[in-house]
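Structure first, then comments.
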Amino acid sequence: MKTSRLFLPVLLGALMGIPAAAQETWKPIGTGLFRENFLHAYYTIASYPEVSVEIQESEQTPGRYRIMNPYADYPNFIGSPGCYDGEWYITVDASDPERCYVERSKTGYMAGVDQMLIAGSLADEYLNVEGNPEKAEKVYGKLVDGAITFPPMAVLSGLWDTTEEWDDDIQFAVGDYEGKFRLKLPGAPDLDITADLIGLSTDGNEVNFNITLGKSVEKALVAMVPADEAEGAAAAVVAGTIASKEVTAGGVVGVPYTGDGRFTIVVVPYFEGNPRSAFTRTLEVSLSQREWRKAGKATYHEGIISAVEELIPYGFTFPSYTYEVDVEESTERPGYIRLVDAYGPACPLSSGNYFDDTRHWYIYIDASDPDAVVLERAQGVGLDMRFGVMEIWSKADRAVNHPAFPGYGYTEEQIRERNWYGLFANDKITFPKGSLSFMVPGINPGGWYEANSKGEFAIDFAPGQLKGGQSGIESVTVEGDNNAPAEYFRIDGTPVSGEALVPGIYIVRQGKNVTKTIIR
């Protein structure tokens, strides 16, 4: 039997002859700011707009709030029908500032025909539905400086078929992967802070960040510490045991550069003369070019996640996109490159999904032999589209380095015969259809699926952008008989018949003319 948060008040009200609907009354307290993260559980939404909303407070229980008609002015950029007519609200109980929760609430938002978005939270389900306050302790929200926030993955979204009676039997989806939900109550100070990495200072001694401070911040202390020392760093900054810089306005702030690695930037704002909750952001600092040369941006034609043909019948369907990615090239092995955060913020697939920006995620591609390009195993690309960690790998590299690969131990010649190698030619890296692999170990451990089913995967570079050489023996024309029969050779010089060639790269000699051709 489900417990109900209204059971005791309704029972007492019935005994006293008070109608249930009159148990709690509300008063308007002003305009607040609402940044929702319920819709993101169902839609791919790139941004997190913050809108003005009317806030009401319970007259019986101070600290219980209603967000009135929360989606009435919300940007309608997902093609939704909009909002139902009437008065709708999201109830947030912050009567205990350390134990806040969102009650099951009919938001009024039309998520489809006869479908209304229902908001909730894990803390509410554990506390008031399951009756398990111990489980709720880990997922409560907190009210600090007039703002209510929740830890990541602590709010819930559901859909109610409005053609049916309400019965509390809602199937919820966990949302808010990044902990974006926030309700700022009327009169809350603006203590928002951002810190974006710019790069090294001109003298190379400092790491520059672009810091923005909310209008209520009187001053802020800025420091950077190793990521594994971040716990307690804010208190140490305030105490002065960790060196920091004091700023009174936003702008470029430099902190000492001690080398590459994972660091946490810590910004402690002051309001009314006292330190407030610190802004922290953990990220990977990778600025040295001793091992990896910054090679600029390349055009990435995504053909992996968007082209896993075997999974399409199961609903794994995503558009293919073309966008810019950062590229680095090995200083010791020209042609050995890595793509930096190829599925990060620049990738449209990351919109509305969780991307781990606490470190860089690399895709290593060995094009040092431009005729035998391999994509090395990437055990995670940083993007979680509700499926967990995703891995990618080329068949050419799997065939040599993956013992579980069928027929493991392929020779270079066998890989060429099967047309699994990629090619670096004409300032572009390409891979043949079906030569890339994709896996989601959390769903199907060891289950590799064929990717690049349309052969669209490619990376375009500017001429001379990479120092590694490219494929292609230029056609050499000398005096001779161009009508002579063509002779075909494998790349290692072994002669082969020109009839029914298997896919691969071949040297073609016709008279005294020598060219290279690719059979796909």
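The values are calculated or read from the model by the stated rules, or taken from the named source; none is laboratory data. Just so you know, these numbers come straight off a predicted model, no measurement behind them. When we count neighbours, we look across all protein chains shown, and the Cβ atoms used for this are built from the backbone with ideal geometry, even at glycine. Ligands, DNA and RNA are excluded from the accessible area calculation, which covers all protein heavy atoms including side chains. Shrake-Rupley method; radii C 1.70, N 1.55, O 1.52, S 1.80 Å.
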| request: Keeping to the stretch 373-387, report how many residues are in contact (Cβ under 8 Å) with a residue 40 or more places away in the chain and touching a strand residue (DSSP E or B) at 6+ places or on another chain (Cβ under 6 Å). | output: 6
| note | With criteria (1) more than 17 Å from TRP420 (Cβ to Cβ); (2) modelled with pLDDT under 90; (3) open to solvent by less than 40 Å² (accessible area, probe 1.4 Å); (4) assigned to a strand (DSSP E or B), ALA484 comes up short on (4)
| Does ILE473 qualify as being under 25 Å from LYS433 (Cα atoms), at pLDDT below 75, under 47 Å from the mean Cα position of the chain (by Cα) and not in a loop (DSSP other than H, G, I, E, B)? | no
| said: Consider the stretch 81-108. How many of its residues are open to solvent by 10 Å² or more (accessible area, probe 1.4 Å) and at positive phi? | reply: 2
| said: I want to confirm something. Restricting to the stretch 422-449 and keeping residues that are buried (at least 19 other Cβ atoms within 10 Å of the Cβ) and polar (S, T, N, Q), which single residue is nearest to TRP393 (Cα to Cα)? | reply: SER437
| request: Report yes if ALA230 is open to solvent by 70 Å² or more (accessible area, probe 1.4 Å), among the small types (Gly, Ala, Ser), modelled with pLDDT of 95 or more and over 17 Å from SER201 (Cβ atoms), otherwise no. | output: no
| request: Count, please, the residues in the stretch 345-390 that happen to be surrounded by fewer than 19 Cβ atoms within 10 Å (Cβ to Cβ), in contact with a Lys or Arg (Cβ under 7 Å, 6 or more places away or on another chain) and modelled with pLDDT of 95 or more. | output: 2
| message | It is to be established whether one or more residues within the stretch 337-344 are open to solvent by 20 Å² or more (accessible area, probe 1.4 Å), modelled with pLDDT of 95 or more and hydroxyl-bearing (Ser, Thr, Tyr). | response | no
| message | Take the residues in the stretch 48-72 that are outside any strand (DSSP E or B) and either β-branched (Val, Ile, Thr) or under 15 Å from THR31 (Cα atoms) (or both); name whichever of them is modelled with the highest pLDDT. | response | THR61
| message | Give all pairs with beta carbons closer than 6 Å in which a residue from the stretch 361-372 that is under 20 Å from ASP384 (Cα atoms) meets a residue that is open to solvent by 40 Å² or more (accessible area, probe 1.4 Å); count only pairs at least 6 apart in sequence or on separate chains. | response | TYR364/GLU376
| Among (1) free of Cβ contacts under 8 Å to residues at least 24 places away in the same chain; (2) buried (at least 18 other Cβ atoms within 10 Å of the Cβ); (3) not aliphatic (A, V, I, L, M), which single condition is THR241 missing? | (2)
| message | Would you confirm, using the coordinates I've provided, whether ILE265 is among the β-branched types (Val, Ile, Thr) and touching a Lys or Arg at 6+ places or on another chain (Cβ under 9 Å)? | response | yes
| What single numbered condition from (1) surrounded by 14 or more Cβ atoms within 10 Å (Cβ to Cβ); (2) farther than 30 Å from GLU218 by Cβ; (3) of a type in the set (Gly, Ala, Ser); (4) touching an Asp or Glu at 6+ places or on another chain (Cβ under 6 Å) fails to hold for SER288? | (1)
| task | Would you check if there is a residue in the stretch 272-284 being part of a strand (DSSP E or B), open to solvent by 60 Å² or more (accessible area, probe 1.4 Å), without any contact (Cβ under 8 Å) to a residue 60 or more places away in the chain and among the basic types (Lys, Arg)? | result | no
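Could you tell me whether any residue of the stretch 395-403 is touching a residue at least 60 places away in the same chain (Cβ under 8 Å) and at negative phi? Break it down stepwise before answering.
If we filter the stretch 395-403 for residues that are touching a residue at least 60 places away in the same chain (Cβ under 8 Å), which is where we start, we get none.
Scanning the stretch 395-403, I find no residue that is touching a residue at least 60 places away in the same chain (Cβ under 8 Å) and at negative phi, so the answer is no.
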| query | Would a scan of the stretch 242-260 turn up a residue that is assigned to a strand (DSSP E or B), aromatic (Phe, Trp, Tyr) and within 22 Å of ARG359 (Cα to Cα)? | reply | no
| request: Within the stretch 362-401, track down each residue that is under 16 Å from GLU302 (Cβ atoms), touching a helix residue (DSSP H, G or I) at 6+ places or on another chain (Cβ under 8 Å) and not in a strand (DSSP E or B). | output: MET385, MET390
| Within the stretch 296-316, can one find any residue that is within 20 Å of ASP196 (Cα to Cα) and in contact (Cβ under 8 Å) with a residue 12 or more places away in the chain? | yes
| query | Does SER306 meet the test of being in a loop (DSSP other than H, G, I, E, B) and polar (S, T, N, Q)? | reply | no
| Within the stretch 391-404, can you find the residues that are open to solvent by 30 Å² or more (accessible area, probe 1.4 Å) and either in contact with a Pro (Cβ under 8 Å, 6 or more places away or on another chain) or more than 21 Å from LEU423 (Cα to Cα) (or both)? | PRO403, ALA404
| request: Hey, can you tell me all the residues within the stretch 246-270 that are over 27 Å from the mean Cα position of the chain (by Cα), surrounded by fewer than 15 Cβ atoms within 10 Å (Cβ to Cβ) and either of a type in the set (A, V, I, L, M, F, W, C) or closer than 12 Å to LEU221 by Cα (or both)? | output: GLU246, THR248, ALA249
